[in-house]
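Worksheet: one structure, shown below.
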Amino acid sequence: MFEKLFKAGKLEKKVLEQMDNYLNTLYLAVECLNSVLTQDKGEETYCIESLEREADVLKREIISTVYEGAFLPYIRQGLCNFIEVVEKAFEFLKICAFEYRYLNKEIYKHIKEDCIQVGKITLEMSEILKKAFEALKEKDDLREKALAIRVCEKQIDELKLEITNKLRRCPECAITSFWEGKNISEFVDALVKISDVIEDASDYLYILDLSLK
């Protein structure tokens with residue numbers, strides 16, 4: 001057990017619990033994004049922003065607790081790096097939420113199904129990331145979960161190419177203003193980058209796992 005290996009006391013247990021909550025908050029935020037995409041619920045975008053604020057509070061608590069003396073010094077930096085990588089996913093989720101409200105729905109309808117698929121795969125990845133962290137705590141093998149995340153990321157890369165091609169080739173998708181183009185571009189870019197961050201976070205967990213052996 002991760003806790004037993006490092007003689008986890010109060011601070012260590014607190015950090016592990018906070019990190020579980022942090023990853024669960026990420027999952028809930030991606031779940032909110034899926035509701036937005038699948039049900040056209042623009043009001044759900046505010047749920048994403050609310051969860052992003054909760055995650056920010058949790059991040060500060062985790063880092064503060066770590067530097068109060070939780071875990072051995074060489075582990076602390078790895079844990080903090082992991083949290084700071086995951087934080088980028090919340091930033092991209094927040095951009096998605098904001099840009100979705102202003103999308104030209106006549107353009108968006110041509111890529112909607114692909115965006116929904118990206119959201120579903122991203123949700124799956126966030127669930128695997130939670131399981132990977134649990135595996136780290138239990139000293140289980142992370143390779144299978146890391147591979148699953150890479151497979152999901154490859155699928156999203158293919159969908160990104162499909163979305164780009166559809167926007168380029170669609171006669172009805174002509175951009176009429178700078179802001180309209182910026183809006184759809186930033187939405188799509190943020191949407192696909194969430195999975196990039198999750199893959200990076202998975203890599204950090206794997207590196208941390210190796211450092212514990």
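Nothing in this text is a laboratory measurement; each read-out follows from the coordinates by a stated rule. Everything quoted here is computed from the prediction, not taken from an experiment. Every residue, glycine among them, receives a Cβ derived from its backbone with ideal geometry; neighbour counts consider all protein chains shown.
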Would you mind giving the average projected area, over all directions, of the Cα convex hull of the stretch 102-213 in nm² with one decimal? 7.4 nm²
Positive end of the charge dipole of the chain (Lys, Arg +1 and Asp, Glu -1 on Cβ, about the Cα centre): tell me which of 156, 115, 103 has its Cα farthest that way. 156
For the stretch 30-80, which GluC sites (Glu not before Pro) are in a loop by DSSP, counting at most 16 other Cβ atoms within 10 Å? 68
Mind checking the angle between helix 143-169 and the chain's longest principal axis? C-alpha axes, 0 to 90 degrees, to the nearest 10. 20 degrees
What percent do you get for the relative contact order of the chain when only Cα pairs under 8 Å and 6+ apart count? 29 percent
How big is the stretch 2-211 in terms of Cα radius of gyration and Dmax, in angstroms? 18.5, 63
Output the lone cysteines of the chain: those with no second cysteine's C-beta under 4.7 Å from their C-beta. 80, 96, 115, 152
If you take the alpha carbon radius of gyration of the stretch 1-105 and divide it by 2.2 N^0.38 Å, what ratio comes out, to two decimals? 1.27
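Mind checking the dipole of the chain: about its Cα centre, +1 per Lys or Arg Cβ, -1 per Asp or Glu Cβ, Debye to the nearest 20?
About 320 debye.
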